[in-house]
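Participant: I am attaching a structure below and will ask some questions about it afterwards.
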Amino acid sequence: MASFNEIQVGRLNAVLHKLLDMKEGAPAPQLAGDVVPSIILENDRPEFHFLGNSRLCGGGLYRAGQAGFYNKVALSNPAGSGVLCIVERFDVFASTNGQIDMMGVDAVSLVGSQNGYLFDTRYGGNAWSLSTFPTCQITFEETAFAGYGVNVQVYRNTANTTMTIDKPNIILGPGTGIMLENQIVANAMGVNLWWRERALEPSETR
């Protein structure tokens, strides 16, 4: 039987195991009955994500403009991945003034795909040579039509000026993705994406 206020989230137990170098077993079977006010220092340092089994990821690509075609770049979390993707930031630029739409899409592979990079090199291998890479992929395509998924955001861009969206609050479960689509035909586009990945807890599925 569970104790009152018992920590039942495996990911939080894993943080305590690693941070305090503890052996297996419940590290904190019950929280204190009283909540004590405290000042928390350095609670969001990027290297701490490793302790919670959260991987820092990123990647980018440039697509030249092609006559009669629209550029599309997506971040895709594959179906059945068992991973939760938290999009932390993206930036985008295009070669002429115009409009870039963000669309919600299924995690389908577009014509081309490119692995991202692990921005924490402690996960083994050589992250910069892609011997180890994230679960989510950056995919891209050029099509003769505009529109692909559900249009959820619209951005106006200035030619050759990088537009940055910080903390867009996008959570991608398995089988979902987001796509940035250039609404000007034959327009070059560059996209950089930063995201985090961690194991999906059973309690987070519906």
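The values are calculated or read from the model by the stated rules, or taken from the named source; none is laboratory data. Everything numeric here is computed off the predicted structure, so don't read it as measured data. Please note: Cβ atoms are built from the backbone with ideal geometry, for glycine as well, and neighbour counts cover all protein chains shown.
Participant: Enumerate the strands (runs of 3 or more DSSP E) found wholly within the stretch 128-206, keeping only those where 1 or more residues are in the same structural domain as Pro78 (by TED's automatic domain parsing), surrounded by 12 or more Cβ atoms within 10 Å (Cβ to Cβ) and of a type in the set (D, E, K, R).
Facilitator: Once the strands (runs of 3 or more DSSP E) in the stretch 128-206 are filtered for at least 1 residues that are in the same structural domain as Pro78 (by TED's automatic domain parsing), surrounded by 12 or more Cβ atoms within 10 Å (Cβ to Cβ) and of a type in the set (D, E, K, R), what remains is 137-143, 176-182, 189-199.
Participant: While we're looking at this one, here's another question. All but one of (1) at pLDDT 85 or above; (2) touching a helix residue (DSSP H, G or I) at 6+ places or on another chain (Cβ under 7 Å) hold for Met22; which doesn't?
Facilitator: (1)
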